[in-house]
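Only one structure is covered here, and it is reproduced in the block below.
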2 protein chains.
Amino acid sequence: MSKLKLYYDLMSQPSRALYMFVKLNRIPFEDKAVALRSGEHKQEAFTKINPVQLVPVIDDGGFVLTESVAIIQYLCNRYDLPEHWYPRKDIKAQAKVNEYLNWQHANTRMNCAMVFRHLVIIPRETKKPVDWEQVNMMKKRVAFVVNHLDKTFLKEKPYLCGSEVSVADLLCICELMQLNAVHEEQLYESNPKIKAWAERVKKRLNPEFDEAHQIVYRLRDLYKSTIAPSFAKL
Amino acid sequence: MSKLKLYYDLMSQPSRALYMFVKLNRIPFEDKAVALRSGEHKQEAFTKINPVQLVPVIDDGGFVLTESVAIIQYLCNRYDLPEHWYPRKDIKAQAKVNEYLNWQHANTRMNCAMVFRHLVIIPRETKKPVDWEQVNMMKKRVAFVVNHLDKTFLKEKPYLCGSEVSVADLLCICELMQLNAVHEEQLYESNPKIKAWAERVKKRLNPEFDEAHQIVYRLRDLYKSTIAPSFAKL
C-alpha cells in the first residue's frame, strides 16, 4: 500500500485540523507541504492535483480528494478509526455530527475567517486601513455563532456532539483559533461554557494541537507588535 | 413507528430538495409546512424545534435534526435507500459525494443565493434600488462555480458524482434554480455541458421536480412583470 500523500499548509484552519487528525490517529503520511504564502497552490503542479487551488488535499494511491470534512470522513472509514471521531454504526450519532459539520461552513468557519480576513488579509492586499464597520459586523456574527455553539450544540455535554471528542470539536476549535491570532479570543472565551469546552478540547488534542498551532501563536505575537498602533482606533 | 415529521417551506432551496427527496423515495411523512413569509419560523413554537430558526427540519419519533445535507444522509441510512443517492458501501464513491456536499456551501449555494438576494430580497427589505455592483460581483462568482461544476465535478460523467443521480445533483440543481427565478439561468445554461446536465437531472427528478418548483416558476413570472422596468439599467 502506498503511503497517503497529504497536501497542506498550517496557515489554513482545515489543514491544521487534518494535520492534527492524521497525527492523533497515527496514520502514516507522506508530507506534501504547499506554501500558500509563495503561491505554490496556484502553480501548475498543484492545480493539476486540485483545480480549485485549495488545501488540504489527499492522494491515497491515486484517489485524490479535496474538502477537509470529506477527507476526514473518508479517513475514518478507510482506517476504521474510533467511532467517537465520526460515528458509523450509530446513525443518529452520525447525523448529529453531520448536522454540525454542515452548519459550520456558513457560521463558525465563515465568520471567524472573515474577522481575521478584515483585520489582516484585506488591509495587506489593498493597502487600505482596516474597515471597522465590516469587522464589527463580523464580530456580531461570531457572537451569534458562539451563542448557538453553547445553546444549540454543546448544551450540557462535554463535547459538541457527545461525551467524547468528535471531528466537530476538532474543526470548530481550529476555526475559533483564527480569533486568537488577532487577539479576539474574548469573542468566544467570554462565554464560560465555550471557554471551558475550548480548554477541554485543546487538552484532549495535545500535544498535536500546540504543534499544529505554532504558526497561530507566531501570528499572534506578530499581530501585536505590528498592528498595535491601530488598536487606538478601537 | 410514528410518521416522520417534515418541517419545510418550498420558498427555501434545501427545503425543495428535501421535499422532492422524500417524495421520490416514497417516504411517508407528516406535512409540517412552515410559512417563512409570515414569519412562522421565528415564532416560539418553531424556535423550540429549531433554535437556529431555519427550515428544513425533521422530527423522527422525537429525534430532531436540522441541516438539509445531514437530514438527507440520515434518511439514506434510516430507510436504506438506493446507494446511488448516497453511497454507504463504496467509501470512495461516498467520499466524492461528500466532497461536493462540502464544497457547495460556500460556492453553489452561497453565490446563487446572493444573486437572488441582491436582486429581490435586499431591495425589498431596504426599499433601496438594486446594488448592481454587488449583483455583478456575485454573477462573476457564479461563473467561477459553473466552471468548476463542469471541469472539476461533472467532467465527462452524466451526473456530478457518477453514472447515476446522487444527492449532490439534487442539492446543486435546487441552488441553480434560484437563478431561474430572476431570469438569470443563462449564467449556467451558457455552459452547454451544464445545461445538458441540468436537463438530465430535471428529467430524472420529475414529476417531483416541477411540483416542488411551482413556487419558483411563479416567482419567475412575478419578477418579470414587476421588476421589468429595472432591466433598462442592465
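Can you confirm whether residue A:16 is surrounded by 14 or more Cβ atoms within 10 Å (Cβ to Cβ), more than 14 Å from chain B (Cβ to nearest Cβ) and assigned to a helix (DSSP H, G or I)? Judged against the criteria, residue A:16 is a match. Taking residue B:55 as the residue in question, decide whether it is at negative phi, crowded, with 19+ Cβ neighbours inside 10 Å and in a loop (DSSP other than H, G, I, E, B). Yes, satisfied. Scan the range B:164-171 and tell me whether some residue there is at negative phi, without any contact (Cβ under 8 Å) to a residue 24 or more places away in the chain and over 16 Å from the mean Cα position of the chain (by Cα). Checking the range B:164-171: not a single residue is at negative phi, without any contact (Cβ under 8 Å) to a residue 24 or more places away in the chain and over 16 Å from the mean Cα position of the chain (by Cα). The helices (runs of 4 or more DSSP H) found wholly in the range A:80-154 and carrying at least 1 residues that are in contact with a Pro (Cβ under 7 Å, 6 or more places away or on another chain) and more than 10 Å from chain B (Cβ to nearest Cβ) occupy A:91-103, A:122-126.
In the range B:58-67, the qualifying residues are those that are outside any loop (DSSP other than H, G, I, E, B) and in contact (Cβ under 8 Å) with a residue 24 or more places away in the chain, and the one that is surrounded by the fewest Cβ atoms within 10 Å (Cβ to Cβ) is B:59. Just to be sure, is residue B:44 acidic (Asp, Glu), within 11 Å of chain A (Cβ to nearest Cβ), within 25 Å of residue A:104 (Cα to Cα) and free of Cβ contacts under 8 Å to residues at least 24 places away in the same chain? Spelling it out, it is not the case that residue B:44 is acidic (Asp, Glu), within 11 Å of chain A (Cβ to nearest Cβ), within 25 Å of residue A:104 (Cα to Cα) and free of Cβ contacts under 8 Å to residues at least 24 places away in the same chain.
Would you say residue B:145 is buried (at least 16 other Cβ atoms within 10 Å of the Cβ) and either within 20 Å of residue B:165 (Cβ to Cβ) or among the acidic types (Asp, Glu) (or both)? Against the criterion (buried (at least 16 other Cβ atoms within 10 Å of the Cβ) and either within 20 Å of residue B:165 (Cβ to Cβ) or among the acidic types (Asp, Glu) (or both)), residue B:145 qualifies. Return only the number of the condition from (1) within 14 Å of another protein chain (Cβ to nearest Cβ); (2) not in a loop (DSSP other than H, G, I, E, B) that residue A:31 does not satisfy. Unmet condition: (1).
Given the criteria loosely packed, with under 14 Cβ neighbours inside 10 Å and either of a type outside the set (A, V, I, L, M) or out of contact with any Asp or Glu (no Cβ under 8 Å at 6 or more places or on another chain) (or both), does residue B:38 qualify? Yes.
Taken over the range A:68-117, the criterion of being closer than 29 Å to residue B:60 by Cα, surrounded by fewer than 21 Cβ atoms within 10 Å (Cβ to Cβ) and small (Gly, Ala, Ser) is satisfied by A:93, A:106.
Criterion first (more than 18 Å from the chain's Cα centre (by Cα) and not β-branched (Val, Ile, Thr)) does residue A:147 satisfy it?
Criteria met by residue A:147.
A Cβ distance below 8 Å, combined with a sequence gap of six or more or placement on separate chains, defines the contacts here; from the range A:208-224, residues that are over 14 Å from residue A:173 (Cβ atoms) reach residues that are among the small types (Gly, Ala, Ser) and in a helix (DSSP H, G or I) in the pairs A:219/A:181; A:220/A:181; A:223/A:181.
I'd like to know if the range B:155-163 contains one or more residues that are surrounded by 15 or more Cβ atoms within 10 Å (Cβ to Cβ), within 19 Å of residue B:96 (Cβ to Cβ) and either in the same structural domain as residue B:69 (by TED's automatic domain parsing) or in contact with a His (Cβ under 8 Å, 6 or more places away or on another chain) (or both).
Filtering the range B:155-163 down to residues surrounded by 15 or more Cβ atoms within 10 Å (Cβ to Cβ) leaves B:158-162.
Checking the rest, the ones that are also within 19 Å of residue B:96 (Cβ to Cβ) come to B:158-162.
Imposing the further condition that a residue be either in the same structural domain as residue B:69 (by TED's automatic domain parsing) or in contact with a His (Cβ under 8 Å, 6 or more places away or on another chain) (or both) reduces the set to B:162.
Within the range B:155-163, one or more residues are surrounded by 15 or more Cβ atoms within 10 Å (Cβ to Cβ), within 19 Å of residue B:96 (Cβ to Cβ) and either in the same structural domain as residue B:69 (by TED's automatic domain parsing) or in contact with a His (Cβ under 8 Å, 6 or more places away or on another chain) (or both).
Residue A:122 fulfils the conditions (1) touching a residue at least 60 places away in the same chain (Cβ under 8 Å); (2) farther than 16 Å from residue B:102 by Cα except for a single criterion, (1).
Of note, residue B:172 satisfies the criterion of being within 22 Å of residue A:51 (Cα to Cα), surrounded by 20 or more Cβ atoms within 10 Å (Cβ to Cβ) and away from chain A (no Cβ under 13 Å).
For the range B:34-70, the candidate set comprises residues that are farther than 24 Å from residue B:168 by Cα and among the charged types (D, E, K, R); within that set, the residue that is farthest from the chain's Cα centre (by Cα) is B:44.
The values are calculated or read from the model by the stated rules, or taken from the named source; none is laboratory data. Model, not experiment: these values are computed from the prediction. As a convention, Cβ positions derive from the backbone with ideal geometry for all residues, glycine included, and neighbour counts pool all protein chains shown.
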